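Here is the structure we will look at, set down as structure tokens.
The values are calculated or read from the model by the stated rules, or taken from the named source; none is laboratory data. What you are looking at is a predicted structure, and each value in this text was computed from that prediction instead of being measured. No Cβ is skipped: glycine too gets one built from the backbone with ideal geometry, and neighbour counts run over all protein chains shown.
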Amino acid sequence: MISKRLRTLSTLVPQGAIACDIGTDHAYLPCELIKRGISQKVYACDIAKGPLQQAEKTISEAGCSAQIETILCPGFSKVPTDANCMIIAGMGWKTIEMILENDYDRLSQFNRILLQSNRDVNQLRAWVSEHHMTIVEEKVVEDMGKDYEIVCITTDVHEGYTPEEIKYGPVLLKRKDQEFLEFLDRKIKKNELIASKVTDEHKKNQILSEIDEMKQIRQR
């Protein structure tokens, strides 16, 4: 069964898109896109032979071999030019940044780029802002006790984002849906627990300031 994180990612792929999944691992996401009729063609890419062989096994067992092509390559360097939606998920930000930078000139071929970093999401948004790209959608999903933030971007020019938008997400701040509010509540609770155990006064005040900031955002 596909994870909640991957299922949420699949819902953000535009209907009819030719998608490429970078660092596909077991190719669960490409198979989900085909089985749900979101895409008719998907590229499953990985830098290592082992994961790609596992991906091919998953694809074959799902009966999707005719519609999913596996590609052994770093990042999206060998992805054909007909792909118009890219997914880079389940990695740290530095790895995602390296993938984006290595083939930066090709980013404009994608109508939508879905990014899900396991950490440092604020750095991801800062990179998007610095490169004057546009965040068109964001989702927060809790899966197996861990929170994930998905940031969907395009290369359309944007003037840049405020420090608050970089930290919390411009779309999430504007929409303030239930998932985001619950995400803030979990962060507040976690930080309150940390603050109760911190003895360094300066560090404690920093944490309390962040808690207050999140509470203000929640109450707007």
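List of remarks:
- Selection within the stretch 112-169 - in contact with a helix residue (DSSP H, G or I) (Cβ under 9 Å, 6 or more places away or on another chain), on the phi > 0 side of the Ramachandran plot and either of a type in the set (Gly, Ala, Ser) or free of Cβ contacts under 8 Å to residues at least 40 places away in the same chain (or both): 120, 160, 169
- Selection status of residue 164, in a helix (DSSP H, G or I) and closer than 25 Å to residue 9 by Cα: yes
- Flag if residue 35 is surrounded by 16 or more Cβ atoms within 10 Å (Cβ to Cβ) and either of a type in the set (Gly, Ala, Ser) or out of contact with any strand residue (DSSP E or B) (no Cβ under 7 Å at 6 or more places or on another chain) (or both): no
- Exactly one residue among 62, 83, 66, 89 is over 20 Å from residue 106 (Cβ atoms), surrounded by 15 or more Cβ atoms within 10 Å (Cβ to Cβ) and either at pLDDT 95 or above or over 21 Å from the mean Cα position of the chain (by Cα) (or both), and that residue is 62.
- Residue selected from the stretch 138-155 under the condition more than 12 Å from the chain's Cα centre (by Cα) and not hydrophobic (A, V, I, L, M, F, W, C), by the criterion nearest to residue 176 (Cα to Cα): 142
- Some residue of the stretch 140-155 being hydroxyl-bearing (Ser, Thr, Tyr), part of a strand (DSSP E or B) and modelled with pLDDT of 95 or more: yes
- Just one of the numbered conditions (1) outside any loop (DSSP other than H, G, I, E, B); (2) over 16 Å from residue 6 (Cβ atoms); (3) touching a residue at least 12 places away in the same chain (Cβ under 8 Å) is not true of residue 190: (3).
- Residue 52 passes every criterion in (1) touching a strand residue (DSSP E or B) at 6+ places or on another chain (Cβ under 6 Å); (2) within 19 Å of residue 14 (Cβ to Cβ) apart from (2).
- Failed criterion for residue 135 (all others in (1) closer than 18 Å to residue 13 by Cα; (2) assigned to a helix (DSSP H, G or I); (3) within 15 Å of the chain's Cα centre (by Cα); (4) of a type outside the set (Lys, Arg) hold): (2)
- Residue count for the stretch 193-219, restricted to those that are touching a residue at least 12 places away in the same chain (Cβ under 8 Å) and closer than 23 Å to residue 142 by Cβ: 9.
- Count of residues meeting criterion [hydroxyl-bearing (Ser, Thr, Tyr) and surrounded by fewer than 20 Cβ atoms within 10 Å (Cβ to Cβ)] in the stretch 9-27: 1
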